[in-house]
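The structure appears below as C-alpha cells.
Rule-based calculations on the coordinates, nothing more; no lab input. Note that this is a predicted model, so its numbers are computed, not measured. Neighbour counts run over all protein chains shown; Cβ positions are idealised from the backbone, glycine included.
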Amino acid sequence: MRAGWACLCALLALPAAAADAPPLWRLDPLASQAQFRVHLRMGIPAEGRFKSIQGDIHPLPDQKLSVRVQLDARELAMGGPAWIQKATHSPAFLDTAKHPEIRFQSVPFSSQVLVSGGSITGMLTLRDVSKPVTFTVLPTQCRQPGWTCPISASGTLDRHDFGMHAYRWSLRDEVVVGFQLKFANDH
C-alpha cells in the first residue's frame with residue numbers, strides 16, 4: 001500500500017509546466033495496439049484488442065519522460081467464446097457504457113527504459129478507480145524504438161482492485177494489459 005501512495009505522490013509532484021509542455025512524441029493511434037487478456041478458469045486465455053490508442057510521451061526535467069495513454073473501453077473487441085465479449089463489456093465487469101475511458105499516467109522514468117527495457121509505474125484508471133500498476137517494457141530490437149519497431153510493454157492487474165468482482169467462477173483474477181506502441185510521424 002505504501003508503494004501505491006508513493007507512486008501517487010510522485011505523480012502529483014510532477015511540475016505543472018512539464019505536464020503542460022507539448023508532447024515529445026504522440027502515439028500513432030492506428031499503428032499502436034493495446035490488448036486486454038483474461039483467463040478462463042478452464043485455462044484458456046481470451047484476448048481482445050482496442051481499436052485505437054490515444055496518448056503521448058512528455059519530456060520532464062533531468063532527462064526523464066512521462067507517458068500518458070487513453071483507451072476507449074467501448075472499442076474493446078474480445079476473441080474467444082462469444083459470451084466473453086458480452087461479459088467483459090457488461091455492468092458487472094468493465095461496465096463500458098458507464099466507464100468508457102481507461103487511462104494510464106506514468107510517474108517519471110528514464111528514457112533508457114524505452115531502449116533497454118525495464119519498468120514503468122503509474123496510475124491506471126479503470127471503471128473510475130485509480131490504482132498503481134507497473135508495466136514491464138521489453139528491450140527493443142531496433143535502433144529507433146517507437147519509429148522503426150514498436151515498444152512492447154505489459155502489466156498484470158488484479159481485477160478485484162478495480163471493482164470487477166463478477167464471473168469469479170469462470171474468470172481468473174488476473175487481467176493482462178499489453179501495448180505495442182508506435183509514434184506518429186507529425187514532428
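Expressed as a whole percent, how much of the Cα-Cα distance distribution for the chain exceeds 21 Å? Tail of the P(r) past 21 Å holds 50 percent of the pairs.
Segment L30..E101, full-extension length gain: 23.8 nm, with 0.36 nm per residue of separation and the alpha-carbon distance subtracted. In this simple spin-label approximation, K131 and D158 carry label points 7 Å from Cα along the Cα→Cβ vector, and these lie 0.7 nm apart. Extending 7 Å from Cα along the Cβ direction at Q54 and again at L138 yields two label points whose distance is 2.8 nm. Helix 2-12 versus the longest principal axis of the chain: what angle, 0 to 90°, nearest 10, using Cα atoms? Its long axis makes an angle of about 50 degrees. Residues of the chain were split at every exposed loop site, defined as trypsin sites (Lys or Arg not before Pro) in a DSSP loop with at most 10 other C-beta atoms within 10 angstrom, and the longest piece left, sites excluded, is 1-97.
Distance between the pseudo-spin-label points of S116 and S170 (7 Å out from Cα toward the beta carbon): 4.6 nm.
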